[in-house]
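We did not get these values from a lab; they are worked out from the coordinates using the rules stated. The shown structure was predicted, so the numbers you read here are calculated from the model rather than taken from an experiment. Cβ: placed from backbone, ideal geometry, glycine included. Neighbour counts: every protein chain shown.
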Amino acid sequence: MSWLNVRYRVRTRAEDIESAACALALEQSVEVPLDAVHDPFVRDHIAGRVVAIAQDGEGAFRVDIRLAVATTGFDAAQTINMLFGNSSLHDHVELVDVDFPDGFARHFAGPRFGIEGLRRILGIPHRPLTCAALKPQGLAPDALASVCRTFALGGIDIVKDDHGLADQAYSPFVARVRACQRAVEATRRETGRLTLYAPSLVGAPKTLREQARIVRDEGVGAVLVAPALVGMPAFHELVADELEVPVLAHPAYMGAARVTPPLLLGKLFRLLGADAAIFPHSGGRFAYSSALCSEIAAACRSSWQGLRPVMPVPAGGMTIERVPEIVRFYGPDVMLLIGGSLLLAGDALLARTRDFVAGVESAAADNARSVTERA
């Protein structure tokens, strides 16, 4: 019998932690008191077991539980259910990490491209990648396509939809995708340089499949999907069955899950097929610490289950003035995503975009020299 080793963080009193841990193990497995389990196979091979308990800060404990792999059925929804189904209803419990047994990932899509594949498509073997966001929501397709063209002329590697763009009356999906894809294609004919356009796919499974068909028909080179919005099982099926281009995973609604970002972005999103993972960099609009950002990037780029490493994409209120700092922090295997800071330039958007791209190239060169000198 194979096992999942699952780590939780539980906030409770010291005198209650053993009973809380045992209750957690049973809730995530058989969902009845152990005395109600009379079948020896179920008791020995299905019921969850508490492996370790350790203090984890004031009023909190790290709880390691062993759960049977067989209970997952190697299904995306059921795996998530067994990791953090009923127990997610307890606001004092957080899912921290999971150790999957060797070979578990072969039952799932995993990244089709990952870091290496993205670099190969773009023809950029070493430097950090650049990304810009089409904003604000409310613009018509032709206006968004104009911004997209400017970003492409400025040398951006990937231009993505803002995740708020869907199939609204002011920006219908088909019209927007067609206009923006034609914009990057026209720019490539002018400059000889490839920029990928990544439209946002969002909706119920039927809608997602239709959007994926449109993406294929229009020759689009990448997509943006928020797994927590569309549902992680639907995300997995979409990537495995409908898409043949790199997938950028957006973190919208992720904070509602009480699953640590390194686990969600670096393992679960990767397991289900994300090639790049967007998250807030420290010092921006969101309260992620530098330590947490470092953990996320390490989880995305780590060697894990034989799956391709995922490109970390720090974002969330970044400015071009912070580019040197961000490149030093993450190193070369990173994609820098900037939106509002570029759009503030107004009529000077093209010049500011070129400054961003040049800044990334310069910072990457400086960082490489610094690494060489230290060696």
Using Cα atoms only, what is the angle between the long axis of helix 205-218 and the major principal axis of the chain, expressed in degrees (0 to 90) to the nearest 10?
30
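If each DSSP helix of 4+ residues adds -39,500 (n - 2.57) and the sum is divided by the residues in the chain, what number results at 222 nm, nearest 500 deg cm²/dmol?
Calculated from helices alone, the mean residue ellipticity at 222 nm is -12000 deg cm²/dmol.
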Which whole-number percent is the relative contact order of the range 222-375 (Cα, under 8 Å, 6+ apart)?
17
Low-density loop trypsin sites (Lys or Arg not before Pro), the range 1-62, at most 12 other Cβ within 10 Å, DSSP non-H/G/I/E/B, are 13
Could you pull out every one of the lysines with an alpha carbon less than 29 Å from that of residue 135, ignoring same-chain neighbours closer than 8 positions?
160, 206
List the residues, sorted by chain then number, that are 5 or more residues from residue 97 or on another chain and whose placed amide H is less than 5 Å from its amide H.
7
Show the residues, 5+ positions off or on another chain, whose built amide H is closer than 5 Å to the amide H of residue 198.
159, 160, 161
If each residue's Cβ is checked for other Cβ atoms within 10 Å, how do 160, 206, 267, 135 rank with the fewest at the top?
206, 135, 267, 160
Name the most mobile residue of 162, 91, 333, meaning the one with the largest mean-square fluctuation, in a Gaussian network model of the chain with Cα contacts below 10 Å.
91
Contact order normalised by residue count of the range 271-347, Cα under 8 Å, 6+ apart, percent
31
Given the C-alpha centroids of the range 222-296 and the range 306-375, what is the distance between them in whole angstrom?
20
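With an 8 Å Cα cut-off and a minimum separation of 6 or more residues, compute the relative contact order for the range 3-107 in percent.
Numbers: 170 pairs, mean separation 43.9, N = 105.
This gives 42 percent for the range 3-107.
Within the chain, what's the longest stretch lacking GluC sites (Glu not before Pro) that sit in DSSP loops with no more than 15 other Cβ atoms inside 10 Å? Walk me through the numbers before you get to the answer.
On the way: sites that count: 31, 58, 244.
Segment 59-243 is the longest.
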Taking 0.36 nm per residue of sequence separation and subtracting the Cα-Cα distance, how much length would be gained by fully extending the chain between residue 361 and residue 58, in nm to one decimal?
104.6 nm
Label-point separation in nm, residue 240 to residue 303, each point 7 Å along Cα→Cβ
2.7
